[in-house]
Amino acid sequence: MSASYPPLSRKIINVAMLALTGLCTLLVLAVLLTILGYLLWKGASSLNIAFFTKIPAPVGQSGGGVENAIVGTLKLLALASAIGVPIGLLGGIYLSEFAGGWSAFTIRYTTDLLNGVPSVVMGIFVYTLVVLPMHHFSTMAGGIALGIMMIPIALRSTEDFLRAVPRSLREGGLALGASKSETIFTIVIPAAIYGIITGIMLDIARVAGETAPLLFTAFGNLYDSPGWMQPTASLPVVIYNYAISPYDVWHQQAWAAGFVLLSGLLVISVVSRMVLARGKKLSHG
Amino acid sequence: MANTVLATPEVPFESRGLDKKQTWWERLRKGDEVVHLITLAGGWSILVITGLLVQHLWVYSRLSRHAFGWHFLVDSTWDPVNGVFGAWPFVYGTVVTSLLALAISIPIGLGAAIFLAELAPRKLSNALTFLIELLAAVPSVIYGLIGIFLLIPVLFNVVPYFQKYFGWLPIFNGTFYGVSYFSASIVLSIMVVPFIISISREVLISVPVSQREAMMALGATKWDVTWRAVVPYARQGIMGSIFLSLARALGETMAVTMVIGNVAQVSTSLMAPGYTIAAVIANEFTEATGDLYLHALIELGLVLFVVTMIFNALARLLMLTMKGHEVVG
């Protein structure tokens with residue numbers, strides 16, 4: 001064995017490869033910052049009051065906004081949450097507190113697979129399920145599509161946070177004479193509530209940007225969409241339609257809409273993580 | 001009334017409330033079975049939805065399946081006017097863009113994961129991983145927007161130089177229009193790289209310290225330890241992250257639709273415009289006239305569903321077999 005070990009060639013390889021991994025990380029971060037920075041720059045410069053208060057102007061005229069799409073997106077998310085959150089919560093409670101053996105495995109595995117279904121396929125499904133029988137596109141159909149897409153994550157994150165509650169808490173509840181369901185609703189769920197809320201908020205943020213399933217369910221609309229049974233505009237679909245259009249005015253609107261959508265998502269995402277951190281602090285003293 | 005009885009300690013536990021007719025809410029609160037059944041319905045609804053999904057895709061693609069059989073996948077004529085549907089250009093475009101995207105994102109993603117797991121201090125690593133996971137939260141349509149207005153103009157400046165030196169290769173020749181397999185692959189690679197990084201990093205971190213120490217004790221360098229002792233130990237999880245990314249890339253719709261050009265042709269050149277399965281569904285679904293056209297598009301959805309399910313299932317199985325560590329994808 002020589003005096004210096006490992007040999008110089010391997011020391012050089014060591015340094016070169018480790019530097020390369022650092023470069024990979026820098027590259028990914030640079031892409032991230034470029035995307036966020038460019039969107040911020042283009043989006044913020046295209047924003048104005050009319051963007052939030054007016055419906056789209058006719059082609060060729062400047063001005064106008066996407067008030068109908070913002071309202072549409074909020075309505076779609078409300079309906080989606082009304083469908084996805086209860087089912088996800090119940091399923092999560094079932095998996096964590098009641099299910100065992102093959103039934104738990106089957107549901108868990110199917111949930112993960114459902115989460116992996118491409119969003120465009122989910123759009124086709126809801127089209128055949130809701131739009132074909134009703135014969136027209138609607139806010140209802142779009143909300144159902146997003147709601148179904150919300151279930152897997154709501155369910156799995158609820159399950160994960162419930163399972164993280166220590167067994168001793170459950171036993172304490174049962175030892176005091178509470179029934180199993182009383183223990184679940186008064187001890188286990190309150191102990192996990194911050195986590196569950198965080199999971200659901202992140203879930204809403206995730207479906208808020210979905211475009212493909214809305215193309216054949218909520219479709220789009222140049223005007224406000226009253227009620228739940230008519231086609232509606234939504235921010236993601238507006239971004240798509242405006243981005244592929246040939247008009248500069250619409251490109252600007254697309255940037256502004258992208259900026260508003262992404263800021264909304266990031267705010268939800270950061271706030272919910274802060275809620276989770278605060279919850280952890282509270283429960284640990 | 002019932003409440004005062006419940007609150008009195010000297011009433012024996014068993015007889016609480018039994019002498020009164022219980023309200024529905026009381027029965028619900030006490031009835032573990034009721035709660036069990038209701039939550040069971042929530043859990044099983046997943047199976048019902050998945051079953052319905054498969055059934056609808058199958059039933060609503062029957063005209064196309066009966067008319068074209070397996071030839072549907074390999075015929076390259078897509079002619080809605082004459083009712084002839086062959087999906088080869090879309091299948092080809094989907095496979096080419098997804099594989100090229102992985103070829104770009106695997107080395108970069110794995111490199112970054114190694115840096116974050118093995119080299120960076122844990123606090124810095126956590127902060128950077130949080131930032132990188134933000135990339136995964138950006139909606140697909142915004143990647144498309146960036147693709148059209150930032151990436152494609154940049155490629156217009158870069159690709160001609162590239163073609164000057166490598167243009168003789170069949171995969172790089174031809175006129176570059178901006179929209180192409182290549183542009184779509186780059187966008188896809190940016191979209192899947194956060195998944196590869198965050199999952200691989202988790203898996204690498206979970207490799208036992210003894211695995212590293214054993215090799216270090218033999219006089220290996222840091223890189224040797226990482227490449228020969230840590231990465232092989234974590235290879236199942238890394239493969240899992242790659243399959244998950246592949247499934248995602250295959251099914252990705254909006255960003256690809258916006259930058260691939262949407263031309264139903266098969267080209268060896270990566271610089272040519274093309275089409276993918278998800279893109280043709282997004283573009284033509286609402287314009288489909290006639291049942292056969294609609295069923296052909298839904299059959300494309302069925303194909304996409306089956307393929308992504310296979311890769312997702314493989315990914316989950318690989319990650320399940322990783323003992324003692326749960327990886328959330």
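How about region A:98-111: which of its residues are buried (at least 22 other Cβ atoms within 10 Å of the Cβ) and not in a loop (DSSP other than H, G, I, E, B)?
A:Ile107, A:Thr111
What are the pairs with Cβ atoms under 6 angstrom where one residue, in region A:261-275, is touching a residue at least 40 places away in the same chain (Cβ under 8 Å) and more than 9 Å from chain B (Cβ to nearest Cβ) and the other, located anywhere, is assigned to a helix (DSSP H, G or I) and not hydroxyl-bearing (Ser, Thr, Tyr)? Sequence gap at least six, or different chains.
A:Ile268/A:Met201; A:Ile268/A:Ala205; A:Ser272/A:Met201; A:Ser272/A:Leu202
Residues in region B:295-316: is at least one of a type in the set (D, E, K, R) and surrounded by fewer than 23 Cβ atoms within 10 Å (Cβ to Cβ)?
Scanning region B:295-316 turns up at least one residue that is of a type in the set (D, E, K, R) and surrounded by fewer than 23 Cβ atoms within 10 Å (Cβ to Cβ).
Kindly list the number of the only condition in (1) out of contact with any Lys or Arg (no Cβ under 7 Å at 6 or more places or on another chain); (2) within 11 Å of chain B (Cβ to nearest Cβ) that fails for A:Ala145.
The one condition A:Ala145 does not meet is (2).
Would you check if A:Val59 is hydrophobic (A, V, I, L, M, F, W, C), surrounded by fewer than 24 Cβ atoms within 10 Å (Cβ to Cβ), part of a loop (DSSP other than H, G, I, E, B) and more than 11 Å from every other protein chain (Cβ to nearest Cβ)?
yes
Output the number of the condition that A:Leu114 fails; it satisfies all remaining conditions of (1) in contact (Cβ under 8 Å) with a residue 40 or more places away in the chain; (2) of a type outside the set (Gly, Ala, Ser); (3) not in a loop (DSSP other than H, G, I, E, B).
(1)
Is at least one residue of region A:208-228 out of contact with any helix residue (DSSP H, G or I) (no Cβ under 9 Å at 6 or more places or on another chain) and free of Cβ contacts under 8 Å to residues at least 40 places away in the same chain?
The answer is yes, given that some residue of region A:208-228 is out of contact with any helix residue (DSSP H, G or I) (no Cβ under 9 Å at 6 or more places or on another chain) and free of Cβ contacts under 8 Å to residues at least 40 places away in the same chain.
B:Val203 - would you say it is crowded, with 23+ Cβ neighbours inside 10 Å, farther than 22 Å from A:Leu114 by Cα, touching a His at 6+ places or on another chain (Cβ under 9 Å) and not assigned by TED's automatic domain parsing to the domain that holds B:Trp58?
So B:Val203 fits the description; yes.
Could you tell me which numbered condition A:Phe125 fails, if it satisfies all but one of (1) closer than 16 Å to A:Gly147 by Cβ; (2) hydrophobic (A, V, I, L, M, F, W, C); (3) within 8 Å of chain B (Cβ to nearest Cβ); (4) surrounded by fewer than 22 Cβ atoms within 10 Å (Cβ to Cβ)?
(4)
Hey, can you tell me all the residues within region A:178-207 that are at the interface with chain B (Cβ under 8 Å from one of its Cβ atoms), β-branched (Val, Ile, Thr) and under 19 Å from B:Leu134 (Cβ atoms)?
Once the filter is applied, which keeps residues that are at the interface with chain B (Cβ under 8 Å from one of its Cβ atoms), β-branched (Val, Ile, Thr) and under 19 Å from B:Leu134 (Cβ atoms), region A:178-207 yields nothing.
The values are calculated or read from the model by the stated rules, or taken from the named source; none is laboratory data. Bear in mind that the values here come from a model prediction, so they are computed numbers and not experimental data. Don't worry about glycine lacking a Cβ; one is built from the backbone with ideal geometry, like all the others, and counts go over all protein chains shown.
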